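First up is the structure itself, then whatever we jot down about it.
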């Protein structure tokens, strides 16, 4: 079970402190990485937000909980099943007026949208280069960007078009993938300005990277979060980060 998430038995319903997530039929499930990402992204004084590949709407809801009430979040999702879940999860939450689910590819959305966003975020499909994809495994397909049409280059082209001149783009990736992504982003005119390195424990290698990109060239600020103590218990830092959302904190 993901850290701090209460799972109802024999159900795909997950209950957070201020909203619920129904992920029935969705290929990509709620993960502790995604909850850390949603809790970590700064949203102060941001009014225009775009969630690329919103899935069940988890990140949009987590960001909405901390954003100012007048903020508006466009949550784009190409999968019809995931879009239906995101739409219903948002509608049943206290943040329904803040979230606008969109059933569309981000490429099509970027071509049609006239908006520019102060904050763009994405937890995209993992393992663009690392693993072979299985066409029979829906979860595997959702994790593999070349199978669902959202490769790094396509995402970056959309972000470059949609990001406000002073906007920030946040992305969660495996550590190895983030190296490839950072080089492609720089070539697209988006430069890493901050990163949070995630470890399972202090003795484990970095396995996930949360990175922020902007149009300005700066030296990235680097921080680190260890999820668990050696005994498996959540670290105080993880508890503090997730306490506004998770029932067990």
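The values are calculated or read from the model by the stated rules, or taken from the named source; none is laboratory data. Every value quoted in this text rests on a predicted model; they were computed, and no experiment measured them. Here the Cβ positions follow ideal geometry from the backbone for every residue, glycine too, while neighbour counts run over all protein chains shown.
Residues are listed down the side, and each one gets a yes or a no for (1) modelled with pLDDT of 95 or more; (2) assigned to a loop (DSSP other than H, G, I, E, B):
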{"site": "204", "(1), (2)": "yes, yes"}
{"site": "209", "(1), (2)": "yes, no"}
{"site": "222", "(1), (2)": "yes, no"}
{"site": "230", "(1), (2)": "no, yes"}
{"site": "237", "(1), (2)": "yes, no"}
{"site": "245", "(1), (2)": "yes, yes"}
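Considering only residues of region 186-213 that are within 17 Å of residue 165 (Cβ to Cβ) and within 17 Å of the chain's Cα centre (by Cα), which is surrounded by the most Cβ atoms within 10 Å (Cβ to Cβ)?
Going through region 186-213, the residues within 17 Å of residue 165 (Cβ to Cβ) turn out to be 188-191, 193, 212-213.
In the following step, the residues that additionally are within 17 Å of the chain's Cα centre (by Cα) were identified as 212-213.
Numbers: 212: 22, 213: 28.
Taking the candidates together, the pick is 213.
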- Item | Count of residues meeting criterion [under 14 Å from the mean Cα position of the chain (by Cα) and within 11 Å of residue 19 (Cβ to Cβ)] in region 57-109 | 6
- Query: Restricting attention to region 43-67, and to residues there that are assigned to a loop (DSSP other than H, G, I, E, B) and touching a residue at least 60 places away in the same chain (Cβ under 8 Å), which single residue is nearest to residue 122 (Cα to Cα)?
  - Reply: 53
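Scan region 155-180 residue by residue and report those that are in a strand (DSSP E or B) and either under 14 Å from residue 46 (Cβ atoms) or in contact with a strand residue (DSSP E or B) (Cβ under 7 Å, 6 or more places away or on another chain) (or both). Give the derivation first.
Just the residues of region 155-180 that are in a strand (DSSP E or B), to begin with: 163-174.
163, 164, 166, 167, 168, 169, 170, 171, 172, 173, 174, listed by residue number.
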- For region 163-184, the count of residues that are surrounded by 21 or more Cβ atoms within 10 Å (Cβ to Cβ) and more than 17 Å from the chain's Cα centre (by Cα) equals 0
